[in-house]
Amino acid sequence: MILSDKRILEEIEAGNILIEPFTRENLGTNSYDVHLGRYLANYTSRVLDAREHNKIETFEIPSDGFVLQPNTLYLGVTAEYTETHKHVPFLEGKSSTGRLGIDIHATAGKGDVGFCNTWTLEISCAQPVRIYAGMPIGQLIYFAVEGEIDTLYNSKKNAKYNARSVKPVESMMWKNKF
């Protein structure tokens, strides 16, 4: 079940959902609009290795915007910090973003109960497009959970994305054993 706007507000009031900064006008019927943060990143190598720590270079989006190029993976970040303690958050692109040919996540649209951070975005585009810090980039949808949670994400010993950051975070696949 997806939470409605009224239910999202109730869960914020109860402390089960935190969105900073929170602006009421960004609350939709059953979602909350999030915005592109100030930073983007690119991997320093064109060939990535899942077993290696692939380094990134982070840069600030200029005030006159930045042109995304096709066939390049950009890591972005939401301006909003979120905490979700009793619901499963999903990050989806806005239709207006998609209509510009921008994808905001390759595979990582679902968060875990207990995820407390900004959202790193895996941005790609169909054609060159200029983007700006602060532009609406996606929407968070919250799903109710059936049953009790045994281990929240932010309390897992092997959770790789717990360190709070206002910048994009590179893949931590290399920390897995395979």
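The values are calculated or read from the model by the stated rules, or taken from the named source; none is laboratory data. If you're wondering where the values come from, they're calculated on a predicted model, not measured in any experiment. Neighbour counts run over all protein chains shown; Cβ positions are idealised from the backbone, glycine included.
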Completion exercise
The condition from (1) more than 28 Å from G65 (Cα to Cα); (2) crowded, with 17+ Cβ neighbours inside 10 Å; (3) at pLDDT 95 or above that F143 misses is numbered (2)
Exercise for the section: Determine whether R38 is modelled with pLDDT under 95 and either within 30 Å of P128 (Cβ to Cβ) or crowded, with 17+ Cβ neighbours inside 10 Å (or both). Expected result: no
Fill in the blank from the handout: Reported set for the stretch 76-97 where residues are part of a strand (DSSP E or B) and over 13 Å from H35 (Cβ atoms) is E83, T84, H87, V88, P89, F90, E92
Handout entry: strands (runs of 3 or more DSSP E) fully within the stretch 12-75 counting 2 or more residues that are acidic (D, E)
Key = 56-60
Problem - Among (1) touching a residue at least 60 places away in the same chain (Cβ under 8 Å); (2) surrounded by 15 or more Cβ atoms within 10 Å (Cβ to Cβ) - the single one H53 does not satisfy - result: (2)
Problem - Candidates A126, A108, A133, filtered to the one that is crowded, with 18+ Cβ neighbours inside 10 Å and small (G, A, S) - result: A133
Problem - Some residue of the stretch 6-26 being of a type in the set (S, T, N, Q) and touching a helix residue (DSSP H, G or I) at 6+ places or on another chain (Cβ under 7 Å) - result: no
Problem - Single residue of L121, L140, L100 found to be hydrophobic (A, V, I, L, M, F, W, C), part of a loop (DSSP other than H, G, I, E, B), on the phi < 0 side of the Ramachandran plot and touching a residue at least 24 places away in the same chain (Cβ under 8 Å) - result: L100
Handout entry: Close pairs from the stretch 12-30: first more than 20 Å from V113 (Cα to Cα), partner surrounded by 15 or more Cβ atoms within 10 Å (Cβ to Cβ) and of a type in the set (A, V, I, L, M, F, W, C), Cβ under 7 Å, at least 6 apart
Key = L27/I8
